[in-house]
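> Below you'll find the structure I mean.
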Amino acid sequence: MKNGKTIISIRNVCKRFGASVTAVDNANFEIEEGEFFALLGPSGCGKTTLLRMLAGFENPSDGEIVIDGQVMEGVDPDKRPVNMVFQSYAVFPHMSVQRNVEYGLRVTGVPTDETKRRAKEALELVKMERFAERMPSQLSGGQRQRVALARALVKRPKVLLLDEPLSALDAKLREAMQLELVRLQQSVGITFVIVTHDQDEALSMANRIAVMESGRVRQIAPPAELYEFPNCRFVADFIGKMNLFEGKVAGVSGNQIVVESKGLGRIAVPYSGSAQGDVGIAVRPEKIRLDRAQPGTDRVGLRGRVVELAYYGDESNVFLENETGVTVGVNVANDARKTEAAFSIGDELWISWNPADTLVLTE
């Protein structure tokens with residue numbers, strides 16, 4: 001668990017490849033000891049480059065990285081207090097599970113008895129002790145991933161780096177392994193830093209998440225804060241589903257802001273910051289209600305026609321278009337056991353939400 005002590009400091013770190021590519025642009029943040037920290041973003045945003053700099057496979061162009069109180073400049077990967085689990089798992093195909101896990105200890109001269117004991121403990125941690133004598137070709141993808149985790153943990157690193165470790169697994173196994181990784185991290189108590197492009201993975205596992213875009217860290221926050229209070233359009237749009245409308249500030253009154261939006265008309269919503277000119281207005285699909293009757297004046301409301309329906313079992317996504325051509329997505333929970341859809345294509349409905357559920361985005 002987190003204890004408030006900083007284990008990693010990333011200080012004004014930049015990474016450039018040639019004259020035209022800046023993969024990481026002035027990253028500047030800290031990670032606490034015992035934290036499960038995620039680097040999240042789309043492909044090419046710089047998250048894997050940042051992880052590789054922590055591992056020592058890449059060197060910063062500017063800035064410095066400090067791990068466990070030591071500046072990492074000039075420190076080789078094998079001398080750092082970190083270990084890395086790769087996307088491909090990289091287990092040795094010609095070695096048994098046991099020998100794979102022992103390998104890192106054997107090559108560094110750890111005595112045989114201690115090597116065997118620590119390998120056994122590591123396999124027990126990941127629930128693979130029954131498979132110690134099997135070869136990697138006899139294992140499933142999930143089992144190979146557990147072997148890779150055991151091999152990394154057996155060296156007792158201060159920090160475990162995980163590069164898209166679940167991406168090769170099918171959806172159901174990936175979900176199960178997310179819970180397993182959290183359990184494992186809590187039981188060993190060391191810092192995990194995971195790179196992923198999967199927002200659900202990051203939200204369900206991490207204590208804090210750094211969202212990256214084009215080499216820049218846009219926001220660092222716990223999952224619920226990131227989801228409910230994104231600080232810019234990119235984070236709002238990237239994390240979960242979001243209805244995003246463009247508008248202009250028409251006035252500010254006390255703790256309310258009045259926004260004129262082409263799609264929504266003139267609306268007043270709570271807002272305590274300062275804003276002028278162009279702003280984004282955003283609301284999550286699950287915060288929106290659909291009614292056949294007009295809602296009260298205490299809600300933001302507009303009329304729309306159902307143009308698309310998508311059924312997902314536990315919920316349906318309903319897409320409506322209003323008279324100005326703006327599309328609004330709404331999540332409707334399928335909380336009654338029936339096969340008939342609540343709404344049909346062409347239905348004219350009222351779309352409404354609590355003004356307090358509206359986000360005002362100035363970036």
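> Of the conditions (1) at pLDDT below 90; (2) of a type in the set (S, T, N, Q); (3) closer than 30 Å to A202 by Cβ; (4) surrounded by 12 or more Cβ atoms within 10 Å (Cβ to Cβ), S261 satisfies every one except a single condition; which number is it?
The single condition S261 does not satisfy is (3).
> Sticking with this one: Filter segment 19-67 down to residues that are part of a strand (DSSP E or B), among the β-branched types (V, I, T) and over 28 Å from S187 (Cα atoms), then give me how many there are. Lay out the reasoning, then the answer.
So the first thing to find is which residues in segment 19-67 are part of a strand (DSSP E or B), and the list is 21-32, 36-40, 62-67.
Narrowing further to those that are among the β-branched types (V, I, T): 21-22, 24, 31, 65-67.
From what is left, the residues that are over 28 Å from S187 (Cα atoms) are 21-22, 24.
Selection size over segment 19-67: 3.
> Filter segment 161-185 down to the residues that are crowded, with 20+ Cβ neighbours inside 10 Å and outside any helix (DSSP H, G or I) and list them by number.
L161, L162, D163, P165, L166
> I would also like to ask the following. Quick one: how many residues across segment 186-195 are assigned to a loop (DSSP other than H, G, I, E, B) and surrounded by 18 or more Cβ atoms within 10 Å (Cβ to Cβ)?
Let us first name the residues in segment 186-195 that are assigned to a loop (DSSP other than H, G, I, E, B), namely 189-190.
After this cut, where a residue has to be surrounded by 18 or more Cβ atoms within 10 Å (Cβ to Cβ) as well, the list is 190.
Looking only at that region, the number is 1.
> While we're here: Just wondering, is there one or more residues in segment 247-254 that are touching a residue at least 12 places away in the same chain (Cβ under 8 Å) and within 24 Å of A310 (Cβ to Cβ)?
Kept after step one, since they are touching a residue at least 12 places away in the same chain (Cβ under 8 Å), are these residues of segment 247-254: 247-250, 252-253.
Of the ones still in play, those that are also within 24 Å of A310 (Cβ to Cβ) are none.
Looking for residues that are touching a residue at least 12 places away in the same chain (Cβ under 8 Å) and within 24 Å of A310 (Cβ to Cβ), one finds none in segment 247-254, hence no.
> Oh, and also: Among the listed residues A171, A122, A176, which satisfies the condition of being more than 18 Å from the chain's Cα centre (by Cα), at negative phi and free of Cβ contacts under 8 Å to residues at least 60 places away in the same chain? Explain how you work it out, then say what you get.
Details: A171 fails: more than 18 Å from the chain's Cα centre (by Cα); A176 fails: more than 18 Å from the chain's Cα centre (by Cα).
The match here is A122.
> Right, something else. I'd like to check something: does segment 198-210 contain any residue that is of a type in the set (D, E, K, R) and either touching a Leu at 6+ places or on another chain (Cβ under 7 Å) or part of a loop (DSSP other than H, G, I, E, B) (or both)? It would help to see each step written out before you state the result.
Quick first cut of segment 198-210, residues of a type in the set (D, E, K, R) only: 198, 200-201, 208.
Subsequent filtering for residues that are either touching a Leu at 6+ places or on another chain (Cβ under 7 Å) or part of a loop (DSSP other than H, G, I, E, B) (or both) retains 198, 201.
There is at least one residue in segment 198-210 that is of a type in the set (D, E, K, R) and either touching a Leu at 6+ places or on another chain (Cβ under 7 Å) or part of a loop (DSSP other than H, G, I, E, B) (or both).
> Do we find a residue being without any contact (Cβ under 8 Å) to a residue 12 or more places away in the chain, farther than 22 Å from L203 by Cα, among the hydrophobic types (A, V, I, L, M, F, W, C) and out of contact with any Asp or Glu (no Cβ under 7 Å at 6 or more places or on another chain) anywhere in segment 76-89?
No - not one qualifying residue is present in segment 76-89.
> Continuing with this model, one more query. State yes or no: is V66 in the same structural domain as Q199 (by TED's automatic domain parsing), hydrophobic (A, V, I, L, M, F, W, C) and out of contact with any Asp or Glu (no Cβ under 7 Å at 6 or more places or on another chain)?
On the way: in the same structural domain as Q199 (by TED's automatic domain parsing): yes; hydrophobic (A, V, I, L, M, F, W, C): yes; out of contact with any Asp or Glu (no Cβ under 7 Å at 6 or more places or on another chain): yes.
It is true that V66 is in the same structural domain as Q199 (by TED's automatic domain parsing), hydrophobic (A, V, I, L, M, F, W, C) and out of contact with any Asp or Glu (no Cβ under 7 Å at 6 or more places or on another chain).
> G141 fails exactly one of the following numbered conditions: (1) in contact with a Leu (Cβ under 6 Å, 6 or more places away or on another chain); (2) surrounded by 18 or more Cβ atoms within 10 Å (Cβ to Cβ); (3) farther than 30 Å from E228 by Cβ. What is the number of that condition?
For G141, the exception is condition (2).
> Among the residues of segment 196-215, how many are in contact with a Lys or Arg (Cβ under 9 Å, 6 or more places away or on another chain), surrounded by 22 or more Cβ atoms within 10 Å (Cβ to Cβ), under 20 Å from L179 (Cβ atoms) and not acidic (D, E)?
1
> Which of the numbered conditions does K248 fail, given that it passes all the others? Conditions: (1) in contact with a helix residue (DSSP H, G or I) (Cβ under 7 Å, 6 or more places away or on another chain); (2) among the charged types (D, E, K, R); (3) more than 29 Å from E315 (Cα to Cα).
Result: K248 fails condition (1) only.
> Something else about it: Do the conditions hold for R289, that is, is it over 16 Å from G247 (Cα atoms) and of a type in the set (K, R)? Quick ask: steps written out before the conclusion?
Working: over 16 Å from G247 (Cα atoms): yes; of a type in the set (K, R): yes.
Spelling it out, R289 is indeed over 16 Å from G247 (Cα atoms) and of a type in the set (K, R).
Matching residues to (1) within 24 Å of P230 (Cβ to Cβ); (2) in contact (Cβ under 8 Å) with a residue 12 or more places away in the chain; (3) crowded, with 16+ Cβ neighbours inside 10 Å:
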{"site": "G4", "(1), (2), (3)": "no, yes, no"}
{"site": "S9", "(1), (2), (3)": "no, yes, yes"}
{"site": "A38", "(1), (2), (3)": "yes, yes, yes"}
{"site": "G41", "(1), (2), (3)": "yes, yes, yes"}
{"site": "K47", "(1), (2), (3)": "yes, yes, yes"}
{"site": "F57", "(1), (2), (3)": "no, yes, no"}
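> While we're on this one: Under the condition of being more than 18 Å from A336 (Cβ to Cβ) and of a type in the set (D, E, K, R), which residue from segment 294-315 is surrounded by the fewest Cβ atoms within 10 Å (Cβ to Cβ)?
The residue in question is D298.
> Can you work out which of the residues in segment 135-159 that are farther than 22 Å from E32 by Cα and in a loop (DSSP other than H, G, I, E, B) is modelled with the lowest pLDDT? Can you show your working first?
Filtering segment 135-159 for residues farther than 22 Å from E32 by Cα gives 135-148, 150-151.
Checking which are in a loop (DSSP other than H, G, I, E, B) leaves us with 135, 139-140.
Details: M135: 91, L139: 88, S140: 85.
Looking at the filtered set, the residue picked out is S140.
> In addition: Specify which of the listed residues (E102, E64) is acidic (D, E), farther than 24 Å from V21 by Cβ and either surrounded by 15 or more Cβ atoms within 10 Å (Cβ to Cβ) or in contact (Cβ under 8 Å) with a residue 12 or more places away in the chain (or both).
Values: E64 fails: farther than 24 Å from V21 by Cβ.
Going through E102, E64 in turn, just one is acidic (D, E), farther than 24 Å from V21 by Cβ and either surrounded by 15 or more Cβ atoms within 10 Å (Cβ to Cβ) or in contact (Cβ under 8 Å) with a residue 12 or more places away in the chain (or both): E102.
The values are calculated or read from the model by the stated rules, or taken from the named source; none is laboratory data. Values in this document were obtained by computation on a predicted structure and should not be read as measured data. Every residue, glycine as well, gets a Cβ built from its backbone with ideal geometry; the counts of neighbours run over all protein chains shown.
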